[in-house]
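Quick one: structure below, then a few questions.
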Amino acid sequence: MFRLAPRQAARAASIAFSQQAAPAVGSAATQALTARWMSAAAPGPKPANPEFSSGPCKKHPGYSISNLPTASLGRSHRSKLGKERLKFAIDETKRMLGIPDDYLVGIVPASDTGAYEMAMWNMLGARDVDVCHWESFGKGWFADAISHLKLRDTVDVTEHTAGYGELPDLSQTSKDRDICFTFNGTTSGVRVQDGCDWIADDRTGLTLCDATSAVFAMNMPWEKLDVTTYSWQKVLGGEGAHGMLILSPRAVERLESFTPENRPMPKIFRLTKKGKLDAGIFKGATINTPSMMAVEDYIDALAWAESVGGNDGLIKISNDNLKVVEEFVSKNDWIDFLAKDPTTRSNTSVCCTLDLSPEQIKELVALLDKENVALDIGGYRDAPPSIRIWCGATVETADVQALMPWLKW
């Protein structure tokens, strides 16, 4: 499509192209422009699988729904078998992620969103809060904290924010306040740095971490995290609608010592009974009815993960995928990462800017979709004009390699 080698020719062509009036999608001018782009020969084979969506994400290699056990389907999730399968999913999660023995893992409703909101509604308000955000989902948690929970009526809420592509100064957070943050900004491609050294080991506040696009792709410093949430549909390519809630002993203590005043608690958010933790949630006794098909799908994904080296193997695949994009970007000056600092560059939701107008980026995304080269790679609606390539472990490195020349075509 785009003839962009060598680099100087690429830059000149990009500038000339961007100076053209962007025609309306579907117009005769657009069709003519598309025909001119496609006059070049295809650059090579297409990705074997064109699925690069950032959620729900691609199924793991070799996946087949016919491989899922069906004995639990049509059975009560309260039956002996149902509870065993739910408990097995919890135990395997804890083992594979290396979660400390004294931490609790539970399956909860409404994906990562439900898990994180559940934590906010149950635990925030006991002390002042630092909310850190640098993309749309973190910004949403901040909005909920002040507009729906109305925390500023009772405690101080400080906003630590930065634009897309950057991190705020996280060292400005306080160990004596609760801290809400996303581990990896799915819509900006910016993650916190390894180790989370800005979180104090002797903190008195809790940390609430939305890690939905980080778990199984990045090393999680569990000793720094009191509440961690994620969903099955991201790195493991599972199904949506179910969330995972991971609690440290300090988080459990907060649940049993703090009851928010004048805060109605919907049934699907309730984590305590008569002032004590509802321990059954963390043994497979879910709050409401789960999809046992989705549970079996998640267990299947965990088994695949084990076959490629467990958590370390998954992290390696994501890192290898990112390296492919990094090498391509380093050789082409018309594409760059939205993340400004390489140490905060996501290895899952890889966001890139292009030397094209917003309309031209949309046309590029639509054309790659039409050609069945790359599906669902448009940047998030609230992000700067960009593309977003999912590089989680279910995406094979060979497919990322095959995609890169097509971006240049």
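Being of a type in the set (Val, Ile, Thr) and open to solvent by less than 40 Å² (accessible area, probe 1.4 Å) is the filter; apply it to the range 134-173 and report the residue that is farthest from residue 386 (Cα to Cα).
Here the residue is 155.
Another question, if that's okay. Residues of the range 78-133 being more than 24 Å from the chain's Cα centre (by Cα) and of a type in the set (Ser, Thr, Tyr), which ones?
Hit for the range 78-133 is 79, nothing else.
Also, I was wondering about something else. Give the range 105-146 a look and list any residue that's among the hydrophobic types (A, V, I, L, M, F, W, C) and under 27 Å from residue 239 (Cβ atoms), or say none.
105, 107, 108, 110, 115, 118, 119, 120, 121, 137, 141
Just give me the residues in the range 211-251 being open to solvent by 10 Å² or more (accessible area, probe 1.4 Å) and closer than 16 Å to residue 179 by Cα, in sequence order.
221, 222, 223, 224, 250 - these are the residues of the range 211-251 that are open to solvent by 10 Å² or more (accessible area, probe 1.4 Å) and closer than 16 Å to residue 179 by Cα.
Regarding the range 384-392, can at least one residue be identified that is of a type in the set (S, T, N, Q), within 18 Å of residue 323 (Cβ to Cβ) and touching a residue at least 12 places away in the same chain (Cβ under 8 Å)?
no
Condition check: part of a loop (DSSP other than H, G, I, E, B) and over 27 Å from the mean Cα position of the chain (by Cα). Does residue 60 satisfy that?
So residue 60 fails the test.
For the range 292-308, which positions are open to solvent by 50 Å² or more (accessible area, probe 1.4 Å) and not hydrophobic (A, V, I, L, M, F, W, C)?
Listed by number, the residues that qualify are 306, 307.
How many residues does the range 183-223 hold that are of a type in the set (Ser, Thr, Tyr) and closer than 23 Å to residue 312 by Cβ?
Looking only at that region, the number is 3.
Separate question: Just to be sure before I move on: is residue 284 open to solvent by less than 40 Å² (accessible area, probe 1.4 Å) and more than 28 Å from residue 188 (Cβ to Cβ) in the structure I sent?
Yes: the conditions hold for residue 284.
Something else: Which condition does residue 340 not pass, out of (1) modelled with pLDDT of 95 or more; (2) open to solvent by 30 Å² or more (accessible area, probe 1.4 Å), if it passes all the others?
Of the numbered conditions (1) modelled with pLDDT of 95 or more; (2) open to solvent by 30 Å² or more (accessible area, probe 1.4 Å), the odd one out for residue 340 is (1).
I'd like to verify a number: residues in the range 323-358 that are part of a loop (DSSP other than H, G, I, E, B) and of a type outside the set (Asp, Glu), how many?
Total satisfying the criteria: 11.
Hey, among the residues in the range 174-194 that are open to solvent by 20 Å² or more (accessible area, probe 1.4 Å) and more than 16 Å from the chain's Cα centre (by Cα), which one's nearest to residue 264 (Cα to Cα)?
Among those residues, the one meeting the criterion is 177.
Please verify whether the range 97-117 includes one or more residues that are more than 30 Å from residue 306 (Cβ to Cβ), surrounded by 16 or more Cβ atoms within 10 Å (Cβ to Cβ) and modelled with pLDDT of 95 or more.
Yes: the range 97-117 contains one or more residues that are more than 30 Å from residue 306 (Cβ to Cβ), surrounded by 16 or more Cβ atoms within 10 Å (Cβ to Cβ) and modelled with pLDDT of 95 or more.
Still on this structure: Give the range 311-328 a look and list any residue that's surrounded by fewer than 20 Cβ atoms within 10 Å (Cβ to Cβ) and out of contact with any Ser or Thr (no Cβ under 9 Å at 6 or more places or on another chain), or say none.
Of everything in the range 311-328, those that are surrounded by fewer than 20 Cβ atoms within 10 Å (Cβ to Cβ) and out of contact with any Ser or Thr (no Cβ under 9 Å at 6 or more places or on another chain) turn out to be 312, 315, 316, 319, 326, 327, 328.
The values are calculated or read from the model by the stated rules, or taken from the named source; none is laboratory data. Treat the numbers as computed from the prediction; the structure is a model and nothing was measured. With ideal geometry, Cβ positions are generated from the backbone for all residues, glycine too; neighbour counts draw on all protein chains shown. Protein only, heavy atoms only, side chains kept; ligands, DNA and RNA dropped before computing areas. Shrake-Rupley method; radii C 1.70, N 1.55, O 1.52, S 1.80 Å.
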